[in-house]
2 protein chains.
Amino acid sequence: MYSQINKNISRYVTFKPEELEIFNSLLEYKSVPKKTILLHEGEMCNFEAFVIKGCVRKYYIDANGFEVILQFAIENAWVSDISFSIYEDKPSRVYIETLEDCEFFMFSPDTKEELFAKAPKFERAFRILMQRNLAVTQERLFNTISKTATEKYLEFLDHYPTLSQRVAQHYIASYLGISAEFLSKIRTKIAKH
Amino acid sequence: MYSQINKNISRYVTFKPEELEIFNSLLEYKSVPKKTILLHEGEMCNFEAFVIKGCVRKYYIDANGFEVILQFAIENAWVSDISFSIYEDKPSRVYIETLEDCEFFMFSPDTKEELFAKAPKFERAFRILMQRNLAVTQERLFNTISKTATEKYLEFLDHYPTLSQRVAQHYIASYLGISAEFLSKIRTKIAKH
DNA sequence: CGCATGCATTGAACTAGGACAAGAAATGAA
DNA sequence: TTCATTTCTTGTCCTAGTTCAATGCATGCG
């Protein structure tokens, strides 16, 4: 049950069994059906979720009413609106929604503080997770500015090979920042290479 | 001398005077003339720099040979290629260059570890800095995807009012992800509102 | 089973922004 | 002060991607 998340959190920091026990005792398991919105715009995001199973999307709605997907999170990924809500005390501008039936381990800011108090080494692990998150976001910014839609799509396929089977095309278009119609045109052009 | 950086690091975590003394003793002061490249693509970024005075830009060169500016850092900002280089052990894809004569406090990864060992509370402060950095990058991604060039420019002026006086227009265009010519056209259109 | 709603595809007309070129203005070095 | 280099502006043409249909295709659901 805990092996996935323990492996994940131990990726850059090595923990003793008793530290992992403390960690595991603070996690809250949650099973959530598909199409459930875990976080609405305007709410405070009071969780960080580790995806044990399933797929979620994090998105916002722009000034013209368009959904823009910021992140897909599948097995072994973390999802939260940590950057805006927690510590900043600002309501979130994003939605987090399950796309499939999901299982999570959840963490509230309070239990996270409790964890840091009981086992300070986790502060470091979460800093490194944050850093990786930043690297991914920066990479995405890089791609968004510098690549054509076709390049972005090919890179997406390369980077998330399973996701294109699991989620609807128009979600992928939204993630890539292009219209669903244009993605369709790109796909037909690629198909007849 | 240290008041600026101490104020900055104390923004979200409160430190005792002796902790700040340890911190300050580990900082390396550096004065650098304008147009100096502090980090080249392909190098390991082995510093985090706090800008005491001056202005730097962080940029990469895309597949078509275009410079794209990721960040301007002015007084009281941190700059580094922390996300890619440090901990990931990958050579950097970015350049960091001074645009004005600059003064910095520098930090190597090793002295940072030393700091965390001597005063663990800094681990927390740096995690929160990282988090804010992530928030800014996410906001920038948000804007890049969802806003028109004019909107991005107006928001830039609003957000960095002094910067448009300090740096060349074509750098701002590069930061906004648009051509210098198009920025010029936007400016004339705005001028005759 | 049939129906409705959402999803993907295709085409035609449109637009934001880019590429290129050439001149004007500003900056800076000797 | 002069000359050179960089920066900014303006115009023309061009293209990647959008918008708005219309149509066929899957689905899930009573």
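A short reminder: the numbers here are calculations on the coordinates, not readings from a lab. Predicted model, so just to flag it, every value in this text is computed and none were measured. Ideal geometry is used to build each Cβ from the backbone, glycine not excepted, and the neighbour counts take in all protein chains shown.
Residues in the stretch B:164-183, backbone N under 14 Å from the label point at B:GLU75 (7 Å along the Cα-to-beta-carbon vector): list them, ranges by number please.
B:166
Which loop trypsin sites (Lys or Arg not before Pro) in the stretch A:122-193, with loop taken from DSSP, have no more than 14 other Cβ atoms within 10 angstrom of their Cβ?
Within the stretch A:122-193, the qualifying trypsin sites (Lys or Arg not before Pro) (loop, at most 14 other Cβ atoms within 10 Å) are A:LYS192.
Could you list which residues have their amide H under 5 Å from that of A:GLN71, counting only those 5 or more apart in sequence or on another chain, with H placed in the peptide plane?
A:LYS58
B:ALA77's amide H: which non-local residues (gap 5+, or another chain) put their own amide H closer than 5 Å, with H modeled 1.01 Å from N in plane and none for Pro or chain starts?
Under 5 Å from the amide H of B:ALA77: B:VAL51.
Applying the Karplus parametrisation 6.51 cos²θ - 1.76 cosθ + 1.60 with θ = phi - 60° to the phi angles of the stretch B:65-73, what ³J(HN,Hα) value in whole Hz is obtained for each residue in order, glycine and proline being reported as x?
x, 8, 6, 10, 7, 8, 7, 9, 10
So what's the net charge close to A:GLU181: Lys and Arg +1, Asp and Glu -1, counting the other residues with Cβ under 15 Å from its Cβ?
Numbers: positive: A:LYS185, A:ARG187, A:LYS189; negative: none.
Net charge in that neighbourhood comes out at +3.
About its Cα centre, what dipole magnitude does the stretch B:8-77 give when the only charges are +1 on Lys and Arg Cβ and -1 on Asp and Glu Cβ, stated in debye to the nearest 20?
On the way: 8 positive and 10 negative charges, 64 e Å.
The calculation lands at about 300 debye.
Which one, A:PHE105, B:LEU141, B:ALA119, projects farthest toward the positive side of the charge dipole computed for the protein assembly as shown from Cβ point charges (K/R +1, D/E -1)?
B:LEU141
Residues with beta-carbon under 14 Å from that of B:THR162, excluding B:THR162: net charge, scoring Lys, Arg +1 and Asp, Glu -1?
Combined, the nearby Lys, Arg, Asp and Glu give -1.
Determine by what factor the alpha-carbon radius of gyration of the protein assembly as shown differs from 2.2 N^0.38 Å, reporting the quotient. It would help to have the intermediate numbers written out before the result.
Details: Rg = 21.7 Å, N = 386, 2.2 N^0.38 = 21.2 Å.
Normalised by 2.2 N^0.38 Å, the Cα Rg of the protein assembly as shown equals 1.03.
By a straight-distance test (C-alpha under 19 Å), which lysines pair with B:LYS185 as possible cross-link partners, with residues fewer than eight away in the same chain excluded?
Of all the lysines, those that pass the test against B:LYS185 - Cα under 19 Å, at least 8 places apart if same chain - are B:LYS147, B:LYS152.
Could you give the spread of the C-alpha atoms of the stretch A:3-146 along their three principal axes, from largest to smallest, in whole angstroms?
Principal-axis extents of the stretch A:3-146 (Cα, largest first): 50, 35, 27 Å.
Most exposed first by the Cβ proxy, i.e. fewest other Cβ within 10 Å, how do B:MET106, B:MET130 rank?
Result, fewest neighbours first: B:MET106, B:MET130.
How large is ³J(HN,Hα) for each residue in the stretch B:54-61, as worked out from phi by the Karplus curve 6.51 cos²θ - 1.76 cosθ + 1.60 (θ = phi - 60°), to whole Hz, x for Gly and Pro?
Karplus values, whole Hz, x for Gly and Pro: x, 8, 10, 10, 10, 8, 10, 10.
Arrange A:SER25, A:SER80 by Cβ neighbour counts within 10 Å, fewest through most, would you? If you can, show how the numbers build up before the last one.
On the way: A:SER25 11, A:SER80 26.
In increasing order of surrounding Cβ atoms, one gets A:SER25, A:SER80.
Report, by chain and number, residues whose modeled amide H sits under 5 Å from the one on A:LYS34, excluding near sequence neighbours (fewer than 5 apart, same chain).
Distant-sequence amide H within range of A:LYS34: A:ASP101, A:CYS102.
Using R₀ = 51 Å, calculate the FRET efficiency as 1/(1 + (r/R₀)^6) where r is the Cβ-Cβ separation of A:TYR29 and B:ILE190; round to 0.05. If you can, show how the numbers build up before the last one.
Working: r = 54 Å, r/R0 = 1.06.
Working from the Cβ atoms, E equals 0.40.
Taking the Cα centre of chain A as origin and charging only Cβ (+1 Lys, Arg; -1 Asp, Glu), how large is the dipole, in debye to the nearest 20?
Approximately 820 debye in magnitude.
With Rg and the Kirkwood Rh both taken from Cα atoms, where does Rg over Rh land for the stretch B:70-192?
Radius of gyration relative to Kirkwood radius: 1.03.
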